[in-house]
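Following: one structure in structure tokens, then a few remarks.
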Amino acid sequence: MPRIQRSAQVTWEGNLARGTGHVSADTGAFAELPISLPSRIGNPDGKTSPEELLAAAHAGCLATSVAGELTRAGTPPEVLALTARVIVDEVEGKGHVVVASEVDVSGRVPDIDAAGFQAIVAKADAGCTFSTLIRASATVTVRAHLDA
């Protein structure tokens, strides 16, 4: 796989408490997403946060990894649904840090049993670049189940 690079920009105006910013992707996939301190630590009020974007990135990375592993195993998914939660907590001596990412993976996959699906998801998690990145300093929990 060739080296991959992606970029995003943030513009911030004002102080930390009352300031606001916007994040945009070079690809144009999203533009001018509003961010603020309250969206990080309190009521998001329709704004996003770096933590929410990390959760989206982790879920997206794992979704493509699971779909790839299922396809390679000859059991491509009909549907995968993932929910990721990034957890930030205050750690003594370190301040506020990402301490965990929890991902729930459900899927409708023909011709696979629950144990096979769990094994594929575990393999996909091991190959997911965002799982690897987050595990460098936090815990990653992935729960998988098949839909009926």
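What the table shows:
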item	result
Residues located in segment 130-144, provided they are of a type outside the set (A, V, I, L, M, F, W, C) and in a loop (DSSP other than H, G, I, E, B)	Ser137
Of the criteria (1) at pLDDT below 95; (2) hydrophobic (A, V, I, L, M, F, W, C); (3) under 14 Å from the mean Cα position of the chain (by Cα), which one Ala148 fails	(3)
Selection from segment 90-118 of residues that are part of a strand (DSSP E or B) and farther than 16 Å from Thr141 by Cα	Glu90, Val91, Gly95, His96, Val97, Gly107, Arg108
Sole residue being of a type in the set (Ser, Thr, Tyr), out of contact with any Phe, Trp or Tyr (no Cβ under 9 Å at 6 or more places or on another chain) and more than 22 Å from Ile134 (Cβ to Cβ), chosen from Thr20, Thr83, Thr27, Thr75	Thr27
The lone exception for Leu82 - which of (1) surrounded by fewer than 17 Cβ atoms within 10 Å (Cβ to Cβ); (2) part of a strand (DSSP E or B) it fails	(1)
Condition check for Ala17: farther than 20 Å from Val105 by Cβ and either outside any strand (DSSP E or B) or in the same structural domain as Ser106 (by TED's automatic domain parsing) (or both)	yes
Test: residue in segment 20-36 that is closer than 25 Å to Thr141 by Cβ and in a strand (DSSP E or B)	no
Residues of segment 36-84 that turn out to be of a type outside the set (Lys, Arg), farther than 26 Å from His22 by Cβ and more than 15 Å from the chain's Cα centre (by Cα), as a count	12
Only one of Val66, Val121 that is in contact (Cβ under 8 Å) with a residue 24 or more places away in the chain, more than 30 Å from Gln9 (Cα to Cα), of a type in the set (A, V, I, L, M, F, W, C) and part of a helix (DSSP H, G or I)	Val121
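Let's see how each residue does on (1) part of a helix (DSSP H, G or I); (2) in contact (Cβ under 8 Å) with a residue 60 or more places away in the chain; (3) loosely packed, with under 13 Cβ neighbours inside 10 Å; (4) touching a Gly at 6+ places or on another chain (Cβ under 8 Å):
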position: Thr11; (1), (2), (3), (4): no, no, yes, yes
position: Pro38; (1), (2), (3), (4): yes, no, no, no
position: Gly46; (1), (2), (3), (4): no, no, yes, no
position: Cys61; (1), (2), (3), (4): yes, yes, no, no
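The values are calculated or read from the model by the stated rules, or taken from the named source; none is laboratory data. It should be emphasised that the depicted structure is a prediction, and the values quoted were computed from it without experimental measurement. Here the Cβ is made from the backbone with ideal geometry for all residues, glycine too, and neighbour counts use every protein chain on show.
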